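Notes follow the structure.
Where a number appears in this text, it was derived from the coordinates with a stated rule and is not lab data. The model shown is predicted, which means the values in this text are computed figures rather than measured ones. No Cβ is skipped: glycine too gets one built from the backbone with ideal geometry, and neighbour counts run over all protein chains shown.
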Amino acid sequence: MPDSVTRAVKRISQRAEVPLHWTGHSLRIGLASTARKRGRDGIAIADQGGWARHSRSMLGYMQREDGWDDNASAGLT
């Protein structure tokens with residue numbers, strides 16, 4: 001079932017009495033953001049995350065922790 005992971009995480013958080021506002025997109029955001037930060041290839045990220053290769057929507061899932069540390073112009077001089 002497509003939502004089985006979501007249901008399992010919600011069930012575990014309820015049993016642990018830990019309030020959790022979580023959806024299946026949380027895993028996709030984590031995958032895209034962490035893989036990008038660690039320099040993984042965009043095509044590999046798209047393939048594993050279920051996006052079309054060179055997907056523009058995938059870019060919306062890639063969150064930056066810090067705009068200063070993750071600076072595109074850093075080290076170019």
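With both labels modelled 7 Å from their Cα along Cα-to-Cβ, the GLN63 to HIS25 distance reads 1.1 nm. Placing a label point 7 Å from the Cα of SER73 along the Cα-to-Cβ direction, the residues of region 24-67 whose backbone N falls under 16 Å from that point are 67. Seen through its C-alpha gyration tensor, with square-root eigenvalues sorted a ≥ b ≥ c, the chain comes out oblate because a/c lies at 1.5 or above while a/b is not bigger than b/c. With contributions of -39500 (n - 2.57) from each DSSP H run of at least four residues, the per-residue ellipticity at 222 nm computed over the chain stands at -13500 deg cm²/dmol. Highest mean packing first, where packing is the average number of other Cβ atoms within 10 Å per residue, the peptides 36-49, 8-21 line up as 36-49, 8-21.
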